[in-house]
Each structure stands twice: as C-alpha cells, then as structure tokens.
Amino acid sequence: MDPQNLPLDLLERLSNACSVSGDEGEVRKIVLEAVQPLADEVKVDALGNVLAIKKAHSEPALRVMLAAHMDEVGLMIVDEEEGGLYKFEIVGGIDPRQLPGKPVWVGKDRLPGVIGARPIHLTTPEERKSAIAAESLRIDLGPEGSKKAKPGDRAVFATPFKVVGPSIMGKALDDRLGVATLIALLERAPDHLEFQAAFTVQEEIGLRGARVAAYALNPDLAFALDATPANDLPTWDGSENTAYNARLGYGPAIYVADGATLSDPRLVRFLLQIAATHQIPYQIRQPGGGGTDAGAIHRQRSGIPSASISVPIRHAHSAVAIARLDDWAHTINLMLHALQALTPDVLAPERS
C-alpha cells in the first residue's frame, strides 16, 4: 500500500475515539460499521470483542487469526469531591509523572477537564524534588462540573489526531494503528484462507479479550498487530543509542520475543522471507518487557503458533504518540504479502 492511500480518515476517527479498557464501545461502533460489509460473519462476544470471519472459497482452509486491541490506557473516576474535583484511578500502564497538567475528556459527553496539581508558586523546594503521586492528583472539571461525572466514568487524554509531514500524532495509536491495519487487511483478505479478525478488549489490563477470542476462534495460527515503543531518541551525550526496542523509519517491528511470548520461529522466518522477497524494510523488535495479545493467544487450547508485528511509535502510553506513515504502510504491505503466500507448509515441523 502506498502511504498516499493509507486509511487516514479511519485512523483519525479511531484515535479520537475514547475507549479505555472495559469501556470500548466507541471504538467497537466504528469497527462494526467498517467490518460488517466485509465479513461473512460478525459477532460481539460476551466480553465485548468483535469477531469478524471471512470464509475461504475452498476447503479445507488454513484458519488464520489476526488480533488488534480496541482499548487504550486511561483513567477511571472513583469519587467526587467538592468544587468539581474528582478522584481517579489509572487504568493500564501510565507513568504518573505524565499526568500533572494534562487536559482530559471525561465520560461519554467528553467533558473537558484537566489533571490538576498545585502550581509551582504554592509548592516548597522539598516538594519539587519528588514526583507527584497519582493519589494526590485530581481531575478538575471546574466549579460548574459538580455532579457531571460519576464513578466508573472513563477519562482519556484530550489529544486530537493530526498528520504532521511524514508523521502522525495522536492518542491511543497503541493500538488504533493495529485496528486500522486489521480492517485494511480484512478488506483485502485472500480467498484461500479463513480470515479471522479479532478486535479485542482489555488488552492493556491483562490480554483478557484475546484469551477468550482465541479460544472461540480456534485458529491454526495467529498474528497480533500492535504498536511498540520506539526508544530511539538520541542519547544526551551524543553516543549511539543501543537501548532501543524499535526505531521510527525502519519499517514494521517483527517480534522474536517479548515479556509474554516467544514467537513461533517458523512464523518469524516466514515473515522475514516475505520481507526479503518483496523488499519491504523491517526490523527485529528487541527482546524485553511488554507484550501483545499473542501472549494470551498462544496458550489457548492445545497451543496456537503466534507471532507479533508492530508499528513503532514514540511516547507510548502518554498523551500523544508519534508514528511514521511509511512504517505503517510497510506493515500493511508485509502482512498483505504474507497472507497471500501463507499455506499449511509454513507450519511444517522443524528439522532437528
């Protein structure tokens, strides 16, 4: 896919949607609208996953699951105090140091608020030496915001999506990039596979949706489509950065291992061969912490061969992430060619 033809309007809608873990309805509505004309079967399971199946034109067919999670990290209102102030809990992996001063949208009506902290004029030198604990922060909806939010309402960073030259910026690119990619692949699914698209819930709090989706779909193999941190900023002293997980501008990140999965080596080799054959730039996502839906998928039933492919992003799990249009386009192209070439031979037993 040419970067000029990327589904940017769809990604913008997905990025701007508010769908913190456990409350994915806004993204689910967009997904259902997009996939219902494309799939032979569409259902929403008891946990809230969207499962869309495009059947093969001949049988038997390889059952291939592709998963992308709909949820995002965010906040949950837990109590109201006086003057439009609300206590909250963090949902998913957010560094509390990221929070003070950030504008947020609260609830279904997107009430504008800010995560308040005392201004520097009112703090002591000792206080300024320490990070502010999340427990001491409040979401401030202003005096007129009293009684407008309730416990259980979610809040997200108020960051509108935008394209800036060769880059895209927005909240929740982890994993709205994967969701948009999966819709693009479903639209172009090859006829010889049973294409199982799983738009999952609650990934950010324990890969919960992927676990039940994989059990229900029972695929022969699976790919998780996600976004991964690009720890590629220059070092302060000008030396080479050797601590990166992935880097912007180097193509899709193919996982060998992460904190939850050892990718199936047959699938990794297959992806590398596809990239080489079609001259698609790629990078190996450096092993380390974190994980994708593959961490739950590969453990289901009698085991499901799985691998992950991610678009690199800077500033993951913060108010705004940055990704490259080329990296996203190369990710879609890699997966399109991989699906077209995929046969049962890929899963042939390895020679000892």
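The values are calculated or read from the model by the stated rules, or taken from the named source; none is laboratory data. Here the structure is a predicted model, which means the values were calculated and not measured. Note: ideal-geometry Cβ built from the backbone for every residue, glycine included; neighbour counts use all protein chains shown. Just so you know, the surface numbers come from the protein's heavy atoms only, side chains and all, with ligands and any DNA or RNA stripped out. Shrake-Rupley method; radii C 1.70, N 1.55, O 1.52, S 1.80 Å.
Per residue, how much accessible area does region 1-131 have with a 1.4 Å probe, in Å²? Walk me through the numbers before you get to the answer.
Values: 6810 Å² over 131 residues.
For region 1-131, the per-residue accessible area is 52 Å².
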Practice prompt. Can you tell me the relative contact order of region 290-351? Whole percent, Cα pairs under 8 Å, sequence separation 6 or more.
Written response: 19 percent
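For region 101-204, give the percent of accessible area contributed by carbon and sulfur heavy atoms, probe 1.4 Å, rounded to a whole number.
Values: 2740 of 4830 Å².
The C+S portion of the solvent-accessible surface of region 101-204 is 57 percent.
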Worksheet item: Given a Förster distance of 35 angstrom, what is the FRET efficiency for LEU233 paired with ASP109, based on the Cβ-Cβ distance and rounded to 0.05?
Response: 0.45
Item to complete: List, largest first, the extents of the alpha carbons of region 213-335 along their principal axes, each in whole Å.
Response: 50, 32, 23
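For Cα pairs less than 8 Å apart in space and 6+ apart in sequence, what is the mean separation divided by the residue count of the chain, i.e. the relative contact order in percent? Write out the running numbers ahead of the final one.
Numbers: 809 pairs, mean separation 77.8, N = 352.
Across the chain, relative contact order equals 22 percent.
Roughly speaking, to the nearest percent, how much of region 227-304's 1.4 Å accessible area is carbon and sulfur?
Values: 2000 of 3910 Å².
Carbon plus sulfur share of accessible area: 51 percent.
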Worksheet entry | Rough spin-label spacing in nm, given labels placed 7 Å along Cα→Cβ, for THR277 and VAL44 | 3.9 nm
Worksheet, complete the sentence: So the angle from the long Cα axis of helix 265-277 to the longest Cα principal axis of the chain, reported in degrees to the nearest 10, equals 80 degrees
Worksheet entry | Inter-label distance, nm, simple model (7 Å from Cα along the C-beta direction), LEU32/SER167 | 3.7 nm
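Looking at the chain, what % of its DSSP beta bridges pair antiparallel, to the nearest 5? Walk me through the numbers before you get to the answer.
Working: 40 of 64 bridges.
Here the antiparallel bridges make up roughly 60 percent for the chain.
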Response to the item:
For SER146 and HIS192, extending 7 Å from Cα along the Cα-Cβ vector and measuring point to point gives, in nm, a value of 6.9 nm
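Once the convex hull of the alpha carbons of the chain is built, what does its volume come to per residue, in cubic angstrom?
Hull volume over Cα atoms, normalised by residue count, gives 159 Å³.
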Item to complete: Under a 10 Å cutoff between Cα atoms, tell me which one of LEU47, LEU186, LEU11 has the largest fluctuation in the Gaussian network model of the chain.
Response: LEU47
Discussion item. How tilted is helix 25-35 with respect to the longest principal axis of the chain? Cα atoms for both, answer in degrees (0 to 90, nearest 10).
Written reply: 30 degrees
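For region 42-129, calculate the relative contact order in percent as a whole number, restricting contacts to Cα pairs under 8 Å that are 6 or more residues apart. Write out the running numbers ahead of the final one.
On the way: 66 pairs, mean separation 11.8, N = 88.
Relative contact order of region 42-129: 13 percent.
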Worksheet item: To the nearest 10 degrees, how steeply does helix 173-187 sit against the main Cα axis of the chain, on a 0 to 90 scale?
Response: 30 degrees
